[in-house]
1. In the P(r) worked out for region 388-432, what percent of Cα pairs fall beyond 15 Å?
2. For the chain, what does -39500 (n - 2.57) per DSSP helix run (n ≥ 4), summed and divided by total residues, give at 222 nm, in deg cm²/dmol to the nearest 500?
3. Taking the Cα centre of the chain as the origin and placing charges on Cβ (Lys, Arg +1; Asp, Glu -1), which of I66, M255, P357 is farthest toward the positive end of the dipole?
4. How much net charge surrounds L298 when only the other residues with a Cβ under 13 Å from the Cβ of L298 are counted, with Lys and Arg +1 and Asp and Glu -1?
5. With just the Cα atoms defining each centre, how far is region 193-256 from region 331-402? Give it in Å.
6. Could you pull out every residue, at least 5 positions away or on a different chain, whose amide H is within less than 5 Å of the one on V53? Hs are placed 1.01 Å off N in the peptide plane, and Pro or chain starts have none.
7. Would you kindly derive the ³J(HN,Hα) couplings of region 371-386 from the backbone phi angles with the Karplus curve 6.51 cos²θ - 1.76 cosθ + 1.60 (θ = phi - 60°), listing them in order in whole Hz, with x for Gly and Pro?
8. Using Stokes-Einstein with the Kirkwood hydrodynamic radius over Cα pairs, what translational diffusion coefficient do you get for the chain at 25 °C and a viscosity of 0.890 mPa s, in µm²/s rounded to a whole number?
Amino acid sequence: MTLKNSTFLVYILTTFAIISCKNKTSEENTATKKNQKPNIVFIYTDDLGYGDVSAYGATEVKTPAIDKLAEEGILFDNAYATAATCTPSRYSLLTGNYAWRKKGTGVANGDAGLLIDTKSTTLPGVLQAAGYTTGIVGKWHLGLGDKTGPKWNDKISPGPLEIGFDYSYLIPATGDRVPCVFVENHHIVNLDPNDPVTVNYQNKIGDWPTGKENPELLTMKPSQGHNNTIVNGVSRIGYMTGGKAALWDDETIPMELVDKSKKFINSNKDKPFFLLLSTHDIHVPRIANKMFQGKSGLGPRGDVILQLDWTVNEIVKTLKEQNLLDNTIIVFSSDNGPVIDDGYQDQAKELLGTHKPTAGLRGGKYSAYNGGTKIPLIIRWPNGKGKGTVSNALVSQVDFLSSFAALTGVGKVKEDVIDSQNALDVFLGDNRTGRTSIVQESFMGPVSYLEGDWKFIAPLDGPKLVPWGPIIETGFKTEPQLFNIKKDPNEQENVASNYPGKVKDLSDKLSNIKKDGFTNQHEVNLN
Ligand code: NG6
Ligand code: CA
């Protein structure tokens, strides 16, 4: 940590103490003084695009609560998830390593075993060591149980509690994958032992109808895949039966997640806490609550953006009510770029109008182009640090682990963390340059490399469009691609043939990064 940062840290800690001395009883003061480290609430959204938020220029959809975070914090305009899909991005956020270093970290099946080694250094583990109570509420999608997968009717372990979280309330995989139940700590919520849950990703089990056999029962029809077991009128990926009393209600998922987050915040308000609120919105199936249905004019995809904004507002409101807003860092981001049709006929394309989920960036979710990994990132620091500013520093979500370690006094992290850099001064807005480079993982692995103004995509003999349906350019070409993203942010003009030296330099650098640490890169996952 630089001197400047340590000074800031002392500054925020002292200010918390001063603020808390006002209008409080001495008992309360003692409690608050003990709470010297700032809380961290990390709102991690799903598939929300760089252009989906009004603070980032969206005009067809309004996100006032998210925009307010930007007005009161720092908006990062050059921020990246490490991957263009969920599982690897989340793996990186939690481990501080690029996911492609570990085999099997592509989009996880709903019955995969835990992908994070319980011995690894993790973001929640680091914060736990710094004295934080740590919780995750919402989407997990990093596998549960040993390598044979989760024992749904038993103790489901290892999982978040074995890698550094004190509390977890999970959507085990995704909203479009079975089982459609919540898992609290080690157990399915509301599971009736006489009605056990069975899950199978290969063959149909039980007699529940499927989208393929009984399309007349569907309230939302699939457009790609998603034709296995029907739960709440929506057919999902994978087959399940049993656990009727435990099934979630799609229309109240956000309310449930907000409720559990509030409870976590309220019960930990007197000590430092870290809450990772990992929303289901705006992933498919997009089923907005009645409060938001039809409200955006853009169909369900727009409605769930409004619903997401509601979630943000509820969390900020809770922090305010608990007098914690001035002692809490709020981070808002997304796990990968946006997608319009991701497998259900929800009129996302028909009702899109002039809204641009990637704000014009090429590609989208799954892609090697910037549309796959460039995401919104807003950090609201207590005490107005950086308030209302825009940072163009190059930042990656992989750096949160080392940066929060520095912030909370843990210092240098163990050697198994090889990719996460301490970017605290960047996240604080003091350093406006950021990283020199980042690697971007598409659904076929880490082919893109960004350094300064240059973006390189390694040659790859793969499909031109995402093969299972979404109309998204993959960015795979058999020849190398080079873009000057300062002049050409939407990666339109491949200038590789004009700069052979640059191509070689960036290609060598990408290869060298891939050689660091582990070499066990994951297999291509074509779903
Ligand atoms: C794909 C699904 C898609 C989504 C994605 C994972 C089909 C046709 N498509 O396989 O709907 O679930 O996986 O998304 O099944 S992510 O955001 O969790 O990475
Ligand atoms: Ca995602």
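Read-outs throughout are calculated quantities, based only on the coordinates presented, and are distinct from any laboratory measurement. None of the values given here were measured: they were computed from a predicted structure. With ideal geometry, Cβ positions are generated from the backbone for all residues, glycine too; neighbour counts draw on all protein chains shown.
1. When every Cα pair of region 388-432 is considered, 41 percent fall beyond 15 Å.
2. One gets -7000 deg cm²/dmol as the mean residue ellipticity at 222 nm.
3. About the Cα centre, the residue reaching furthest to the positive side is I66.
4. Once all neighbours under 13 Å are counted, the net charge is +1.
5. 29
6. Counting only residues 5 or more places away or on other chains, the set is A58.
7. x, x, 10, 6, 9, x, 8, 10, 10, 9, 8, x, 6, x, 4, x
8. Taking Rh from Cα pairs, D becomes 105 µm²/s.
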